[in-house]
């Protein structure tokens, strides 16, 4: 699972095995270790929940936890739908954009990047659109 943070937006991109794990177990998680110090890592987790009515994100104890309603998450995982998006309202008129997507193989090879778990790119072999 890849995490992208930019301004007030977070984007999770999941490979095929991670989408399958989410559909089966209702949870997928990844961590980035910053040093050898205990607890000096960032964990990002995507879970489904039967109790939630909308997509939400929370930050606590070095973990970004994104929760998706179970029906919505499993439906997305078992379909051709590419992504889910939600604007989480924050006080003061600010919102957090949350995007969850299936990760597609790049059209142009990227040296050193493992794309073996990425979904086949639907644009493979397609002609470029007008410039």
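The values are calculated or read from the model by the stated rules, or taken from the named source; none is laboratory data. All values reported here derive from a predicted model rather than from experimental measurement. So basically every Cβ, Gly included, is an ideal-geometry build from the backbone, and we count neighbours across all protein chains shown.
Summed over region 57-78, residues that are closer than 21 Å to residue 95 by Cβ, loosely packed, with under 14 Cβ neighbours inside 10 Å and out of contact with any strand residue (DSSP E or B) (no Cβ under 6 Å at 6 or more places or on another chain) total 2. If you go through region 55-82 and keep only what is farther than 18 Å from residue 8 by Cα and either outside any loop (DSSP other than H, G, I, E, B) or in contact with a helix residue (DSSP H, G or I) (Cβ under 8 Å, 6 or more places away or on another chain) (or both), you end up with 68, 69, 70, 71, 72, 73, 74, 75, 76, 77, 78, 81. Tally up the residues in region 1-54 that are surrounded by 11 or more Cβ atoms within 10 Å (Cβ to Cβ), in a loop (DSSP other than H, G, I, E, B) and touching a helix residue (DSSP H, G or I) at 6+ places or on another chain (Cβ under 9 Å), please. Qualifying residue count, region 1-54: 4.
The lone criterion from (1) surrounded by 13 or more Cβ atoms within 10 Å (Cβ to Cβ); (2) within 15 Å of the chain's Cα centre (by Cα) left unmet by residue 81 is number (1).
The residue pairs whose first member lies in region 48-73 and is in contact (Cβ under 8 Å) with a residue 40 or more places away in the chain, whose second member is in a loop (DSSP other than H, G, I, E, B) and surrounded by fewer than 17 Cβ atoms within 10 Å (Cβ to Cβ), and whose beta carbons are closer than 7 Å, counting only pairs six or more residues apart or on different chains, are 70/50. Is it the case, given these coordinates, that residue 92 is assigned to a helix (DSSP H, G or I), over 13 Å from the mean Cα position of the chain (by Cα) and either more than 25 Å from residue 122 (Cβ to Cβ) or modelled with pLDDT of 95 or more (or both)? Answer is yes for this residue.
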